[in-house]
């Protein structure tokens, strides 16, 4: 669908928020905490951003965009060229980072990683579930929504800018597993790795993460070519080692929306009808990988000589 930018606000150094609404004032699709949308810019670029507004507001979406000087141009376009009144395309919402039931939540955010956690905290508050937020960033001025959070939730929120407190004290917060607690973490790769290490002794599935950059992989990629059948179109394409599945199926005529093309956003998630995918993404949970009924063709490959996709 196409939405209109109703407001553009600076919410931190290098971060702007966009409020989006239907041009005719129509109701927008419902969403759940942890959801993101695909923002299709007027020049055709597609980028993925977490919904960080009020999920009970049926008529607006809010996203926040960090300007990344070393990025591929999407955030620069948002910061420099988009203005209220402009229209953008939207895909989704979709959710690969859902809030699961728990007796208690510990939210850990690094920088712009706070965005998918905002509606989770609101939901936990509505449910009367105990929670805490540990929020780190380079400087207080660079940390989006920190004043909003402390104003709403008081001492549940622990804002720890690096220039004031150093790196987040994960040892104190995660040294001992707390029964019934689920940890949610979103932020840069080093923070996610540190939290994963600190939670190594916690019960399985106690930690849930969302990545903005792909996790490092050391296992070898299948070097042999394989075939991909597009069941609905009746076409079959050969995928060689130097071509991604996504590129190969697009050349065969499949219209698959993508965004990050690094296996982190889930935009290109595709149903698998046959064969065994070689999952190399940073989105799917363990049980989803074991089911082998979907894959992210931007980075994943095939363990079998033939894959059948629902395209």
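Quick note: the coordinates plus some simple rules give every number you see, no bench work behind them. These numbers were taken from a predicted model, which means no experiment stands behind them. In this analysis, Cβ positions are derived from the backbone assuming ideal geometry, glycine residues included, and neighbour counts consider all displayed protein chains.
Before rounding to the nearest 500, sum -39500 (n - 2.57) across all DSSP H runs of length at least 4 in the chain and divide by the residue total; then give [θ] at 222 nm in deg cm²/dmol. After summing the helix terms and dividing by the residues of the chain, the value is -4500 deg cm²/dmol.
Using r as the Cβ-Cβ distance of residue 221 and residue 43, and R0 as 41 Å, what FRET efficiency do you calculate, to the nearest 0.05? Don't skip to the answer; put the middle values down first.
Working: r = 32 Å, r/R0 = 0.78.
E(calc), rounded to 0.05, equals 0.80.
Given their separation in residues at 0.36 nm each and the Cα-Cα distance between them, residue 251 and residue 153 gain 30.2 nm when the chain is fully extended. Rounded to the nearest whole angstrom, the semi-axes of the ellipsoid equivalent to the range 2-94, taken from the Cα gyration tensor as √(5λ), stand at 20, 14, 13, largest first.
Computed over the range 10-53, the P(r) curve from all C-alpha pair distances, binned at 10 Å from the origin, holds 20, 51, 28, 1 percent per bin.
Work out how much length residue 2 to residue 196 would gain on full extension: take 0.36 nm times their residue separation and subtract the Cα-Cα distance, in nm to one decimal.
On the way: separation 194, 0.36 × 194 = 69.84 nm, distance 3.83 nm.
Taking 0.36 nm per residue and subtracting the Cα distance, the gain is 66.0 nm.
When both the range 65-132 and the range 11-50 are represented by their alpha-carbon centers, they are found 10 Å apart.
Once Rh is set to the Kirkwood radius over Cα pairs, what Stokes-Einstein translational diffusion coefficient, in µm²/s, holds for the chain at a temperature of 4 °C and a viscosity of 1.567 mPa s?
63 µm²/s
Over every Cα atom in the range 158-311, the radius of gyration and the widest Cα-Cα span, Dmax, amount to 18.8, 60 Å.
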